[in-house]
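Enquirer: What follows is a structure written as structure tokens; I'll ask about it next.
The numbers here are math on the coordinates, done by the rules we state, and not lab data. Only a predicted model underlies this, so the values are computations on that prediction, with no experimental measurement involved. Backbone-built Cβ (ideal geometry, glycine too); neighbour counts: all protein chains shown.
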Number of protein chains: 4
Amino acid sequence: MTQTIRTAILGASGYTGAELMRVLHGHPLFRITALTGESQAGKPMHEVYPHLRFADLPALVKHDTVDFSNIDLVFCCLPHGTTQTIIAGLPDHVKIVDLSADFRLFNADEYAQWYGHPHQALELQKTAVYGLTEHARDAVKAARLVANPGCYPTCSMLPLLPLIAARAIDATSISINALSGVSGAGRAAKQSNLYTEIAEGVSAYGIGSHRHMAEMEQELSRTAGYAVRISFTPHLMPLKRGMLATIRVKLAAGNTVDGLRDMLSKRYAGERFVHVLKAGEGAPTTHQVAGTNDCIMSVHADRVEGYALIISVIDNLGKGASTQALQNANLMFGLDEATNLDCFAQFP
Amino acid sequence: MTQTIRTAILGASGYTGAELMRVLHGHPLFRITALTGESQAGKPMHEVYPHLRFADLPALVKHDTVDFSNIDLVFCCLPHGTTQTIIAGLPDHVKIVDLSADFRLFNADEYAQWYGHPHQALELQKTAVYGLTEHARDAVKAARLVANPGCYPTCSMLPLLPLIAARAIDATSISINALSGVSGAGRAAKQSNLYTEIAEGVSAYGIGSHRHMAEMEQELSRTAGYAVRISFTPHLMPLKRGMLATIRVKLAAGNTVDGLRDMLSKRYAGERFVHVLKAGEGAPTTHQVAGTNDCIMSVHADRVEGYALIISVIDNLGKGASTQALQNANLMFGLDEATNLDCFAQFP
Amino acid sequence: MTQTIRTAILGASGYTGAELMRVLHGHPLFRITALTGESQAGKPMHEVYPHLRFADLPALVKHDTVDFSNIDLVFCCLPHGTTQTIIAGLPDHVKIVDLSADFRLFNADEYAQWYGHPHQALELQKTAVYGLTEHARDAVKAARLVANPGCYPTCSMLPLLPLIAARAIDATSISINALSGVSGAGRAAKQSNLYTEIAEGVSAYGIGSHRHMAEMEQELSRTAGYAVRISFTPHLMPLKRGMLATIRVKLAAGNTVDGLRDMLSKRYAGERFVHVLKAGEGAPTTHQVAGTNDCIMSVHADRVEGYALIISVIDNLGKGASTQALQNANLMFGLDEATNLDCFAQFP
Amino acid sequence: MTQTIRTAILGASGYTGAELMRVLHGHPLFRITALTGESQAGKPMHEVYPHLRFADLPALVKHDTVDFSNIDLVFCCLPHGTTQTIIAGLPDHVKIVDLSADFRLFNADEYAQWYGHPHQALELQKTAVYGLTEHARDAVKAARLVANPGCYPTCSMLPLLPLIAARAIDATSISINALSGVSGAGRAAKQSNLYTEIAEGVSAYGIGSHRHMAEMEQELSRTAGYAVRISFTPHLMPLKRGMLATIRVKLAAGNTVDGLRDMLSKRYAGERFVHVLKAGEGAPTTHQVAGTNDCIMSVHADRVEGYALIISVIDNLGKGASTQALQNANLMFGLDEATNLDCFAQFP
């Protein structure tokens, strides 16, 4: 007889919470027993998300009314900055996947600099695992607290980390242009995210200053063994979900574009969710990963000799957030990491 | 030990075929063993639909190369008019769900009139079941050939049939305005369906002449017991998938709007895929059913006394095509009709 | 030498205000000399609307800082309910086109019933002209205060009024299904209008209760000579702009579908902005009128004998709001009504 | 009395042709007297583009039926490769703006290499002016044949050329990521451009091989005085129109990000259609230029020291094609280059 894992989603009224409820439906072990949302506490979930109308879900409650002694697993979908004290206050037996940025940076000074205030749970921070699953699987299995990576870092680092580890590229040469769907901005009512302001237009934002650079530089530097700075420019697309990174890298001496592709193919050959296209197969599109935990990447020759271009796609709400969170939680409880995650994109 | 049902999809290169492959993934019994596509025969499926890249699917082949003695179940996704002789040529042991319109009309004269040529499989037509599942469940279970209903008829008749059966509305008063996503038009390259021609605009089409009226009038008349003509106007929306019908009906004497809602609620109380909103719950949106087999409906007072307005939503590729086809196939093979169909819409 | 008309836009930070600034650009007489916006007062227009960056426009100011003795023409784009006292406070020499609903209903009781509070400028109301230009041209020319019609009423009544006036249709039979772009909901930050909530879905709203029914019933009744109630269901589309009404009417005895089309063709033969398609020309789409002051309509046979279907399209921000406002203002100042309005839709 | 310029559009059934007809409407001198389209010859324009229904336009005819002795100005919108012999066959008195790529490359070998066949009008090629207006104004004024630049080159080179001319950046360091609306792919019916294939997804294409690199490298090299190779990756967006280039450059010794911005501000200070945002004004979006001849650019510090990021936006059908063509034609006939081009973007 299998044991049920009692699962809470904190901040369940946002899009990552909704996506978690969708992908947890029918999960063999994880059963949602608590959903929190401060401003909408008291509402049944179908008032918040009518598409979840037919799910058997508890109503939203305020955080401080939850008895966490009855909870085994927490997915924390709270906004950046609000999460540290909340998580620090959970009982020791609870395992946590935190989808916010609060536990991703290991250096407290870096955190303070990028997020504008001192970290409030420094001891807990030391125990956190940066959960880019394919690069931290063993640590995730043993972790109590997993800091789920950001969407841009997931999309960019899956191709970059193996190449840096192999010293196949010059880590100081990395330039990333990334395109994201609007759901990454959350469900808060903002004029700039209205349909009328987004549809039929594109824009760059956070130029030279987006906070996801901090975790990318941390992880890339850790792998490289020296401090790495990257160029990173995110763009907002008229998409509900989807993320594409176009990454330009300089080949290290003795390397070739085909060599890079081979390296990535081998590194990810056994992976269920990371796929490397063969030469001649073109580049992936975000359509191919919408609603899934997949990352698909391709490697191409740049027009300028000695450089390569890498295209990498994920669903920003999927592998970039909620499905990677579930993949990590599956591992933390000894399950097959693909549990409830084996599906195809909905196309068209 | 369960037996595997060997399953073929004819015309697998279209959108309804792709959707079938998606929802058949992981099905406990139905295993796809043949996929046909005349013009793209020889191609592996991932060249036709890259989002199915990681599925273990056979390549597309020409119809006449398939050995149907090894096939138990056929989903026929061929274009209207081409299906009759194909299906007539299948061995007797094969069960068929036909997603085209070819076997939906029981009257050969009606068929010839609406489709412009004589029916070519009149004997087979007599054995076909019009598979609006919730209104033909027993017949579907016993059928060899199910004519899967059109999307507009599914969306419109789920609310209408119980009301006509109960003589709660005047069947001669029905006026349907319906909105459809573009995927209903298929994957053929047409200038009128280019992104540039569709995005940010809406239009009505087939005004007074759309062929789906034929099957609606057939089924509504059959239920009413007298000949019914309806007003029906379809519109093309800048949506990939989704369908909404706004239906105006005149209450029969002694009936009320609340009475109609109660009637529908009771009729569908035990159904897994048909849902009637309560008074005060507003109207459903197509977002709530995208990618699912669900139909959600609501009943409202019209401004003009004695009339009611009904809103009904489905996914035109889901309950309007491929998932209803799977629901029917599940029944034809003695399975729980919800097998592989229990999921939530992907939102946002 | 032409005189400059000093023009103010009240509530200039909304979409109808922005559209007015766009279509007033290069106007030979109307020169924008004041823009008001309470919450954003002090901001230069390019911070509010960067696409107007290169216009020579005054900054937004608070209403009570404007010296209206220096203003000749006011376009009032304030929200419904806030406009009455504002307009009542303007000096007598100022001519006003009010884009809100505040002066559209002539019956104070009707106003109070639909809008939930008593009308606050009853004397002024008596002087207002309901400015559906093609049906009120002479009154508009002579008016000081024009109540610019709502978008749904404009789109629906342009085809309906001539047919009712000619007693060619049964005015008690009218059923309108209408589709609108999201810009009609304005620029306020609302969760329900986020890109993520709107894109790739459609919904009905205000079923049986939308306030535009009040002005439609007023005008239709006035033309019919008896009280008319209509069925009207608006729907929200994933469009930035565009509106389409599908109108079903019952032919009065002795009338035909072709007769209705002829009647409309003749009625609008001399009009610059209202166009009636010929038999065989199909139905118009909203693409054809985006950004223009045009209304295009077509007349079709219904499947049910004795009924006709009319399709009518406008741009909800154009003929449904700002360009009709300019058309009216042109007339109020003795100009050609088409001044600055002669253009084609931007397609694709 | 002004003289009328008799104007022909060759290949008028495509999107650039339609856009030309829109922006020529009301032009004081250019009067459209011939429209050619081989496959749709004989059709009135309103059948091809219903939104042009109310224009007074000639019907489409076959090219060889046009008497070019009565034509003064030709806009050539024919597909790449078909244009050379057509243009070579026009009488000497006709002035031509060619929107295809056929006359953009001055080196016949380069042409043959990128386009796969030898150039067929080598003598004529020598007379062509590469018409990036702001960088070729005098040559355009004197030209008989203007090769209108590609959309990507226009968007990218407006910021790059002044910086290279001033030796402020390292021309060998240029990396361009560009995003384009679908209208750039034309109106031909292609499966890959269906609404269902484009909406809600993004993709990269032509990686390392897009033909627009040829003209960019030609012009950048000409300005630099040495051979320049660039990295360029175009992406397809779910937009009807709009183009954004994100350009990364290495500062030449002694230069700063602010210095680059100043340089561009000064260079374009007197221009009507090229605008450089100030520090602190953020980055432009494609919404701000839709339907216009404008280019807006901004300059930002890269995270990596010594590099700058430039964002540049245009409308791919506007400054990237048809409105720049009109700007050039205005100059060729001695008119103010802004004639009929002074307008704001349609927003929302």
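Enquirer: Rounded if a/c is under 1.5, else prolate if a/b beats b/c, else oblate: with a ≥ b ≥ c from the C-alpha gyration tensor eigenvalues square-rooted, which is the protein assembly as shown?
Expert: Numbers: a/c = 1.30, a/b = 1.00, b/c = 1.30.
Rounded.
Enquirer: Separate question: Less than 12 Å Cβ to Cβ from A:Gln84, Lys/Arg counted +1 and Asp/Glu -1: what total charge do the surrounding residues give?
Expert: Working: positive: A:Arg104; negative: A:Asp98, A:Asp102, A:Glu123.
Net charge in that neighbourhood comes out at -2.
Enquirer: For the Cα atoms of chain D, what angle does the longest principal axis make with the long axis of helix D:212-224, in degrees from 0 to 90, nearest 10?
Expert: Its long axis makes an angle of about 60 degrees.
Enquirer: Something else now. Among the GluC sites (Glu not before Pro) in segment B:7-55, which ones are in a DSSP loop with at most 16 other Cβ atoms within 10 Å of the Cβ? Mind listing them?
Expert: Those that pass, being in a loop and sparsely packed, are B:Glu38.
Enquirer: Label position 7 Å from Cα toward Cβ: report the copy-to-copy distances for A:Glu38 in nm, one decimal, ordered from shortest.
Expert: Spelled out, the distances from A:Glu38's label point are 2.9, 6.4, 6.8 nm.
Enquirer: What does the net charge come to around D:Arg241 if you take all other residues with beta carbon closer than 10 Å to its beta carbon, with K and R at +1 and D and E at -1? Write out the running numbers ahead of the final one.
Expert: Details: positive: D:Lys240; negative: A:Glu200, D:Glu19, D:Asp315.
Surrounding charge for D:Arg241 is -2.
Enquirer: Please determine, in degrees from 0 to 90 and to the nearest 10, the orientation of helix D:323-332 with respect to the longest principal axis defined by the Cα atoms of chain D, where the helix direction is its Cα long axis.
Expert: Tilt relative to chain D: about 70 degrees.
Enquirer: For the pair A:Tyr115 and A:Arg167, how long in nm is the line joining their label points, each one 7 Å along Cα→Cβ?
Expert: In this crude spin-label approximation the distance works out to 3.5 nm.
Enquirer: Additional query: Please compute, for peptide A:169-178, the average count of beta-carbon atoms on other protein chains lying within 10 Å of each residue's beta-carbon. Show your work: numbers first, answer last.
Expert: Working: counts 0, 0, 0, 1, 1, 1, 10, 1, 11, 1.
If you average over the peptide's residues, the count of other-chain Cβ atoms is 3.
Enquirer: Compute the signed sum of charges (Lys and Arg +1, Asp and Glu -1) over the other residues within less than 15 Å, Cβ to Cβ, of D:Gln125. Don't skip to the end; give the middle numbers.
Expert: On the way: positive: D:Arg104, D:Lys126, D:Arg144; negative: D:Asp98, D:Asp102, D:Asp109, D:Glu110, D:Glu123, D:Glu215.
Once positives and negatives cancel, what remains is -3.
Enquirer: Another question, if that's okay. For B:Ser69, go 7 angstrom from Cα along the Cα-to-Cβ vector, then report the distances to that same point in the other copies in nm, smallest first.
Expert: Computed spacing set for this position: 7.0, 7.7, 10.3 nm.
Enquirer: Sticking with this structure for a sec: Test of the criteria: in segment D:253-340, which chymotrypsin sites (Phe, Trp or Tyr not before Pro) are in a DSSP loop and have at most 13 other Cβ atoms within 10 angstrom of their Cβ? Let's see the in-between values first.
Expert: Numbers: sites: D:Tyr268, D:Phe273, D:Tyr307, D:Phe333; in loops: D:Tyr268, D:Phe273, D:Phe333.
Sparse-neighbourhood loop chymotrypsin sites (Phe, Trp or Tyr not before Pro): none present.
Enquirer: Right, next: Just to be sure I understand: with springs between alpha-carbon atoms less than 10 Å apart, which residue in C:Pro91, C:Pro234, C:Pro284 has the highest mean-square fluctuation in the Gaussian network model of chain C?
Expert: So, out of C:Pro91, C:Pro234, C:Pro284, the one fluctuating most is C:Pro91.
Enquirer: When chain A is treated as a GNM, springs tying every alpha-carbon pair under 10 Å, which of A:Ala308, A:Ala283, A:Ala227 comes out with the largest mean-square fluctuation?
Expert: Maximum fluctuation in the GNM of chain A, among the listed residues, is at A:Ala227.
Enquirer: Output the 0 to 90 degree angle, nearest 10, between the alpha-carbon long axis of helix C:257-267 and the longest principal axis computed from the alpha carbons of chain C.
Expert: The answer is roughly 30 degrees.
Enquirer: Return the loop-located GluC sites (Glu not before Pro) in segment D:246-316 (DSSP other than H, G, I, E, B) with at most 11 other Cβ atoms within 10 Å of their own Cβ; answer none if there are none.
Expert: Details: sites: D:Glu271, D:Glu281, D:Glu305; in loops: D:Glu271, D:Glu281, D:Glu305.
Filter output for segment D:246-316: D:Glu305.
Enquirer: What number do you get for segment C:5-127 when its Cα radius of gyration is normalised by 2.2 N^0.38 Å, N = residues?
Expert: 1.09
Enquirer: Identify, among B:Ala166, B:Pro153, B:Gln288, the residue whose Cα sits farthest towards the positive end of the charge dipole of segment B:152-316, taking +1 on the Cβ of Lys and Arg and -1 on the Cβ of Asp and Glu, with the dipole about the Cα centre.
Expert: B:Pro153
Enquirer: Where the centroid of each part is defined by its Cα atoms, how far is segment C:272-344 from segment A:304-348 in Å?
Expert: Cα centres, segment C:272-344 to segment A:304-348: 49 Å.
Enquirer: Using the alpha-carbon centroid of each, what span in Å lies between segment A:1-59 and segment A:128-172?
Expert: If you average the Cα positions of each part, the centres end up 28 Å apart.
Enquirer: Still on this structure: Quote the FRET efficiency, to the nearest 0.05, computed for A:Glu123 versus A:Asp64 with a Förster distance R0 of 22 Å and r equal to the Cβ-Cβ distance.
Expert: Values: r = 22 Å, r/R0 = 1.01.
In this case the efficiency is close to 0.50.
Enquirer: Quick one: in chain B, whose Cβ comes closest to the B/C rotation axis, and how close in angstrom?
Expert: B:Asn177, 2
Enquirer: Please report, in debye to the nearest 20, how large the charge dipole of chain A is about its Cα centre when each Lys and Arg carries +1 at its beta carbon and each Asp and Glu carries -1 there. It would help to have the intermediate numbers written out before the result.
Expert: Details: 29 positive and 32 negative charges, 43 e Å.
Rounded to the nearest 20 debye, it is 200 debye.
Enquirer: Averaged over its residues, how many other protein chain Cβ atoms are within 10 Å of peptide B:334-344's Cβ atoms? Before the final figure, lay out each step's value.
Expert: Details: counts 0, 0, 0, 0, 0, 0, 0, 0, 3, 5, 13.
That average works out to 2.
Enquirer: I want to check the label-to-label distance for A:His93 and C:Glu281. Put each point 7 Å from Cα in the C-beta direction and report it in nm to one decimal.
Expert: The modelled label-to-label distance comes out at 7.6 nm.
Enquirer: Now for a different question. From the label point of B:Ala139, set 7 Å along Cα to the beta carbon, how far off in nm is each other copy's matching point, shortest first?
Expert: 5.6, 6.2, 7.5
Enquirer: Okay, moving on. At A:Asp262 and D:Ser265, where each label point lies 7 Å from the Cα along Cα→Cβ, what is the point-to-point distance in nanometres?
Expert: 5.3
Enquirer: Go ahead and estimate [θ] at 222 nm for chain D from helices alone: -39,500 (n - 2.57) per DSSP H run with n ≥ 4, summed, over the residue count, rounded to 500. Show your work: numbers first, answer last.
Expert: Details: 11 runs with 93 residues, N = 348.
It comes out at -7500 deg cm²/dmol, rounded to the nearest 500.
Enquirer: Then there is this: Within a 10 angstrom radius of each residue's Cβ in A:68-76, how many Cβ atoms of other chains show up on average? Whole number is fine.
Expert: On the way: counts 0, 0, 0, 0, 0, 0, 0, 0, 0.
That works out to 0 on average.
Enquirer: Answer with one residue from B:Ile86, B:Pro44, B:Ala55: the one whose Cα lies farthest towards the positive end of the charge dipole of segment B:5-127, charges on Cβ with Lys, Arg +1 and Asp, Glu -1.
Expert: Most positive-ward Cα: B:Ala55.
Enquirer: Find the eigenvalues of the gyration tensor of the Cα atoms of segment D:152-316, then list the square roots of 5 times those eigenvalues as equivalent ellipsoid semi-axes, largest first, in whole angstrom. If you can, show how the numbers build up before the last one.
Expert: Values: eigenvalues 151, 64, 39 Å².
In descending order the semi-axes read 27, 18, 14 Å.
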